[in-house]
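The values are calculated or read from the model by the stated rules, or taken from the named source; none is laboratory data. None of the values given here were measured: they were computed from a predicted structure. Here the Cβ positions follow ideal geometry from the backbone for every residue, glycine too, while neighbour counts run over all protein chains shown. What goes into the accessible areas is simple: the full protein's heavy atoms, side chains included, and nothing from ligands, DNA or RNA. Shrake-Rupley method; radii C 1.70, N 1.55, O 1.52, S 1.80 Å.
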Amino acid sequence: RRHLSQDGLIVVVATVDTSEECIISGPDIISRGFVYVRESEELMDEVREIARNTLTDMLDSGITEWTQLKQNTKDALSKFLYSKTKRRPMILPVIMNV
């Protein structure tokens, strides 16, 4: 609870087709208590792009394991957000397989 109140939460929602190894929809970014989205459109666009690139790179490499997709997305976003804001929001990747 303390971590959430200080640094906030970011949810990354994406739908992936593991048999075709492609992203079907998303990633959509939901921010709660991290930054005010209307004032940080550019940051949220960068977060969306990093999530998309991470997922695309992994799928292109043949990595389709659900836990690996989530962990690598979380790691990439965590490093980026800390370098930009010096905060560590809780990152929850929600990756749905089709």
| said: Quick check on segment 68-98: of everything there that is closer than 16 Å to ILE24 by Cβ and not in a helix (DSSP H, G or I), which residue is modelled with the lowest pLDDT? | reply: VAL98
| remark: Result of the Cβ filter at 7 Å on segment 76-90, keeping first residues that are of a type in the set (D, E, K, R) and partners that are open to solvent by 40 Å² or more (accessible area, probe 1.4 Å) and at pLDDT 90 or above, at least 6 apart or interchain, is ARG88/TYR82
| Selected residue (criterion: farthest from the chain's Cα centre (by Cα)) from residues of segment 54-67 that are assigned to a helix (DSSP H, G or I) and exposed (fewer than 12 other Cβ atoms within 10 Å of the Cβ) | ASP60
